[in-house]
1. Quick one: ranking L5, L40 by accessible area, 1.4 Å probe, largest first, what do you get?
2. Just to be sure I understand the model, the point goes 7 Å from the Cα along the line to the Cβ. What's the resulting I3 to I49 distance in nm?
3. Stretched out fully, how many nm does the piece from A38 to Y20 gain, at 0.36 nm a residue minus the Cα gap?
4. Put W21, W7 in order of accessible area, largest first, 1.4 Å probe: what do you get?
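The values are calculated or read from the model by the stated rules, or taken from the named source; none is laboratory data. Keep in mind that this is a model prediction, so the values were computed, not measured. Glycine also receives a Cβ, built like all others from the backbone with ideal geometry; neighbour counts cover every protein chain displayed. For the accessible areas, the whole protein counts, side chains as well, though only heavy atoms, and no ligand, DNA or RNA atoms are used. Shrake-Rupley method; radii C 1.70, N 1.55, O 1.52, S 1.80 Å.
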Amino acid sequence: MLIGLLWMALLIALPVYIVYWLTTRSSSDGPTEDSALAVLQERYARGEIDDEEFERRRARLTPDGGRY
């Protein structure tokens, strides 16, 4: 009887896990523009790039050309 319950739990849990995995995976595929901008801001804050380089790269990453 315990084996039957384990099989039933597996038959329910496996499809639920697969759906969960597919939905979380599809929402995080590939880098997004926001994460690229966040990395750029972190590099600027650490001093890896200067003001000019930061502004040039930010202008490329933002849809409005870097203007606020």
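1. Solvent-accessible surface, decreasing: L5, L40.
2. Each label point is offset 7 Å from its Cα along the Cβ direction, giving 6.1 nm.
3. Once the chain is fully extended between A38 and Y20, it gains 3.8 nm.
4. Solvent-accessible surface, decreasing: W7, W21.
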